[in-house]
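The values are calculated or read from the model by the stated rules, or taken from the named source; none is laboratory data. A quick note: this is a predicted structure, and the numbers were derived from the prediction, not measured. Cβ sites come from the backbone with ideal geometry, for glycine too, and all protein chains shown count toward neighbours.
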Amino acid sequence: MAGAVQLHDVQILDAAESDLEGLLGIYNDVIATSTAIYSHLPVTLDDRRQWWRARVAQQYPVLVARDPSGVLGFASFDDFRAWPGYRSRSSTRCTYAPMPAVAASARGC
């Protein structure tokens, strides 16, 4: 099938510190090429490490989609709003490496 992307050997796992470099590349690509993240400034590996540690400390999952080539995407939860009325709410974010042959709706987020 022309233009089709086949996903073989993809695993969804808890993110490890060794995945952060892959997350960083994806995150900075999204900053550079879209308005999905409300920032125009790239982040550093230390920024991503602090972000990951904060999620883990809050007991929010940080998941990665990984295949033999590396990290394909990641997902996590975050506080929805800091106000007390929202304390039992969270938001979900899924972020993927560029995969033009796969529509966002087909990715599951």
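Could you please let me know if Arg87 is at pLDDT 80 or above and not polar (S, T, N, Q)?
Working: at pLDDT 80 or above: no; not polar (S, T, N, Q): yes.
Spelling it out, it is not the case that Arg87 is at pLDDT 80 or above and not polar (S, T, N, Q).
State all residues of the stretch 62-80 that are exposed (fewer than 13 other Cβ atoms within 10 Å of the Cβ) and over 17 Å from Leu24 (Cα atoms); if no residue qualifies, say none.
Looking only at the stretch 62-80, we keep the residues that are exposed (fewer than 13 other Cβ atoms within 10 Å of the Cβ), and these are 67-69.
Listed by number, the list holds a single entry, Pro68.
How many residues are hydroxyl-bearing (Ser, Thr, Tyr), outside any loop (DSSP other than H, G, I, E, B) and loosely packed, with under 12 Cβ neighbours inside 10 Å if we restrict to the stretch 15-60?
First pass over the stretch 15-60, keeping only residues hydroxyl-bearing (Ser, Thr, Tyr): 18, 27, 33-35, 38-39, 44, 60.
Narrowing further to those that are outside any loop (DSSP other than H, G, I, E, B): 18, 27, 33.
Next cut, loosely packed, with under 12 Cβ neighbours inside 10 Å only: 18, 33.
Result for the stretch 15-60: 2.
Select, from Asp79, Asp47, the only residue that is at pLDDT below 85 and touching a helix residue (DSSP H, G or I) at 6+ places or on another chain (Cβ under 9 Å). Before you say what the answer is, go through the steps one by one.
Details: Asp47 fails: at pLDDT below 85.
Result: Asp79 is the single residue among Asp79, Asp47 that is at pLDDT below 85 and touching a helix residue (DSSP H, G or I) at 6+ places or on another chain (Cβ under 9 Å).
Give the stretch 1-19 a look and list any residue that's out of contact with any Leu (no Cβ under 9 Å at 6 or more places or on another chain) and either hydrophobic (A, V, I, L, M, F, W, C) or at pLDDT 55 or above (or both), or say none. Step through it out loud before you land on a result.
Of all residues in the stretch 1-19, those out of contact with any Leu (no Cβ under 9 Å at 6 or more places or on another chain) come to 1-6, 8-9, 11, 16-18.
If the condition is that a residue be out of contact with any Leu (no Cβ under 9 Å at 6 or more places or on another chain) and either hydrophobic (A, V, I, L, M, F, W, C) or at pLDDT 55 or above (or both), then Met1, Ala2, Ala4, Val5, Gln6, His8, Asp9, Gln11, Ala16, Glu17, Ser18 are the ones that fit.
Tyr96 is checked against (1) touching a strand residue (DSSP E or B) at 6+ places or on another chain (Cβ under 8 Å); (2) at pLDDT 65 or above and fails just one. What number does that condition carry?
(2)
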